[in-house]
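Below is one structure; the comments refer to it alone.
Please treat every number below as a calculation from the coordinates, not as lab data. These numbers come from a predicted model, not from an experiment. Here the Cβ positions follow ideal geometry from the backbone for every residue, glycine too, while neighbour counts run over all protein chains shown.
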Amino acid sequence: MTEIAPNCQVAKQKLVSFQPDLVILDINLPDDTGLTLCEEIRKTNAIMVMLSSMTDSNYILEAFARGADDYITKPFDLQILKAKIEALFRRKGNTNSSTISSNSLIFDNLQINFYRREVILNNRIIPLTALEFDLLYFLANNPNRVWDRGELITAIWNKDDYDGDDRKVDIHIGRIRKKIGDFQGEFIKTVWGRGYMFELSSSNTVKLAD
């Protein structure tokens, strides 16, 4: 079932009443900018795709910073849009990743549950986008190794929905760090000039829970 919202006010109502799996959002809306809806959408489990005629890189980077899973500019090919959306749903629902070694990864008060696709910090569920979850899980499941941007893109991004911008990695890492708060200083490390690493020490030993 598909619902259409003509403006931001109606869209906010439909997020509650309709509970969509996918939101395709334009920036230019009659009553406000679509970017103002991003925070509300990110409180849900919906995939968020920006579809806009705004091609300036500032708009695109702002959309990703606010939680967009993808940004597609107009004019666009309908088949490409369909392929990108299908790829996002595959990534969100995939339970056959070769990197899976257990149901959950537990680090002190941080738990990452792959099959439920949940991140729990201090007994509170942390809302992550599909990409953010996949990126965090990949790093946590392959700790104490530096991964450069190219390797992370190959591991996480589908070739159909990667647009060649390596800065996406930095944006998503930044968003993960912001959401998991103080834990970012203990786990996700930036190795300058090389990439990112999920660092384990004796104080945050991993526990695998089936």
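Can you tally the net charge around L15? Count Lys and Arg as +1, Asp and Glu as -1, for every other residue whose Cβ sits under 9 Å from the Cβ of L15.
So the surrounding residues net to +2.
Under 15 Å from the 7 Å Cα→Cβ point of A155, by amide nitrogen: which residues of region 112-137?
Only 131-137 fall inside the zone, counting backbone N under 15 Å.
How about K178: which lysines have a C-alpha closer than 29 Å to its C-alpha, ignoring those fewer than 8 places off in the same chain?
Within reach: K12, K14, K43, K84, K92, K159, K168, K189, K207.
Determine the sum of side-chain charges near D32: Lys and Arg each +1, Asp and Glu each -1, restricted to other residues whose C-beta is under 14 angstrom from that of D32. Provide the component values of the computation, followed by the final result.
Numbers: positive: K12, R66; negative: D26, D31, E39, E40.
Around D32, the surrounding residues sum to -2.
At 0.36 nm per residue, minus the direct Cα-Cα distance, what do L78 and F18 gain on full extension? Give it in nm, one decimal, please.
19.2 nm
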